[in-house]
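These notes are about the structure you will find just below.
The values are calculated or read from the model by the stated rules, or taken from the named source; none is laboratory data. What you see is a predicted model; the values in this text were computed from it and never measured. Here the Cβ positions follow ideal geometry from the backbone for every residue, glycine too, while neighbour counts run over all protein chains shown.
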């Protein structure tokens, strides 16, 4: 069929533009800021913060305060009732319902026509362009693309505005060239009952020629396990012999890598990481042998960064332009977007691995860490240590969370972990030892607090039974790919919610 060759030629035309922003990143970002400001001068927000006087990054910072969801909620409320020209020119008809973690209150992130077309869909094309460039012989467009997302029903707000998971909004508005190669049907993809959707997704895709998988690793494993159970096959290549690519995001892939090697035992299987959220699409792994992400600079998103050692939420004082960042420093990400977000603290943290071009790794969340005793444990540390312990105990994880054990008059402090394995360690004591050892090797602050157990004792681990976190999320009404267990918490709130359920199941 000629479709793959035509698609390959078409999609790779974008590579030239990617090379340009890699070569001239600061010029491109300055142009993005200028375009955003000029488009929004006459909006309510632009008038309030005197956009007409904004000439550069310095005047942008002087005029516009940092924001978070609490700060923009009043504008979002106006948009959701049909008001126009508030944060972005014209009306905003779509809102991505976002929770991300198990927080009770949902956020409604505005999604404009421009953010769909110039950010999310452009990123999809770029991802394929980079993949076809890296693997010229690939044949993705000869088969189907299966996305394991957190889609839910689109819900009406007014007669012509809607809200739902971002993945549902994207599917609802997909361009024809993407829709004709997607599986399963929209009816299944848009189902809100996650368990029923997994069941129907499994049955409806078994006989398809699936070449591409996309999704959060943990939920993709749930689907894969069900498919293997239905078919009686040993691995996914027996179900989909032409499967060649898994595009993943949402969580670090390293703790899941060995599990996927067993699910898809093919040395020619490719894995590409992406970084997208309801607020925008930010990064794509552009090199096959480097899991750092290329910062995508021409999607209508202007970036700023706050050093985490100076982070104080919307009161942070030291906010850097892209030109000012350094390698191997932990930063909170701040974005201004063609979705109408202005100097919005995203909540994620990153470290740059190179500055020309700008490549980075996700290190965690601004609120996802443990620093109760000065140990400064971030998600990046936890992921590396878990991956190391899993590799050396022939195990793989499905999900986990951890928080502090507070000191009292009799006992020192510690970290309490709840881990659900998809493949159990061959030796639990060794897993615990290796987890602790690796954390001490990669985090000097943690190591100092562990000295002679004076401040921190060795990790205390609960081994959750299979399906525990899925069951717990279901009980909270949070089942689905968009909802995630916080990896690390600086208090015991999540642990105290989880532990009674864990005890009742063991």
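Where in segment 210-290 are there strands (runs of 3 or more DSSP E), lying wholly inside it, with at least 1 residues that are surrounded by fewer than 19 Cβ atoms within 10 Å (Cβ to Cβ) and at pLDDT 95 or above? So that I can check it myself, show each step before the final result.
Details: elements: 210-215, 245-248, 270-277, 280-284.
Qualifying strands (runs of 3 or more DSSP E): 270-277.
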request  = From (1) closer than 30 Å to residue 332 by Cα; (2) in a strand (DSSP E or B), pick out the condition that doesn't hold for residue 422.
outcome  = (1)
inquiry  = Of all residues being at pLDDT 95 or above and out of contact with any helix residue (DSSP H, G or I) (no Cβ under 9 Å at 6 or more places or on another chain) in segment 358-392, which is nearest to residue 21 (Cα to Cα)? Just the residue, please.
reply    = 359
note = Across segment 373-383, the tally of residues that are closer than 15 Å to residue 350 by Cα and either out of contact with any strand residue (DSSP E or B) (no Cβ under 8 Å at 6 or more places or on another chain) or not assigned by TED's automatic domain parsing to the domain that holds residue 425 (or both) stands at 2
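Being more than 27 Å from the chain's Cα centre (by Cα), buried (at least 20 other Cβ atoms within 10 Å of the Cβ) and either assigned to a strand (DSSP E or B) or not assigned by TED's automatic domain parsing to the domain that holds residue 484 (or both) is true for just one of 414, 403. Which residue is that?
Working: 403 fails: more than 27 Å from the chain's Cα centre (by Cα).
The match here is 414.
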query = Among the residues of segment 136-155 satisfying the criterion of being surrounded by fewer than 16 Cβ atoms within 10 Å (Cβ to Cβ) and either over 23 Å from the mean Cα position of the chain (by Cα) or outside any loop (DSSP other than H, G, I, E, B) (or both), which is modelled with the lowest pLDDT?
reply = 155
Residue match in segment 334-357 (condition: farther than 19 Å from residue 296 by Cβ, crowded, with 16+ Cβ neighbours inside 10 Å, at pLDDT 95 or above and in contact with a helix residue (DSSP H, G or I) (Cβ under 7 Å, 6 or more places away or on another chain)) = yes
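Determine if segment 377-386 includes at least one residue that is in a loop (DSSP other than H, G, I, E, B) and surrounded by fewer than 23 Cβ atoms within 10 Å (Cβ to Cβ). Step through it out loud before you land on a result.
Of all residues in segment 377-386, those in a loop (DSSP other than H, G, I, E, B) come to none.
No: segment 377-386 contains no residue that is in a loop (DSSP other than H, G, I, E, B) and surrounded by fewer than 23 Cβ atoms within 10 Å (Cβ to Cβ).
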query = From the list 128, 157, 146, which residue is under 17 Å from residue 187 (Cβ atoms) and in contact with a helix residue (DSSP H, G or I) (Cβ under 6 Å, 6 or more places away or on another chain)?
reply = 146
key: Condition broken by residue 453, with the remaining ones in (1) modelled with pLDDT of 85 or more; (2) closer than 24 Å to residue 221 by Cβ; (3) out of contact with any helix residue (DSSP H, G or I) (no Cβ under 9 Å at 6 or more places or on another chain) satisfied   = (2)
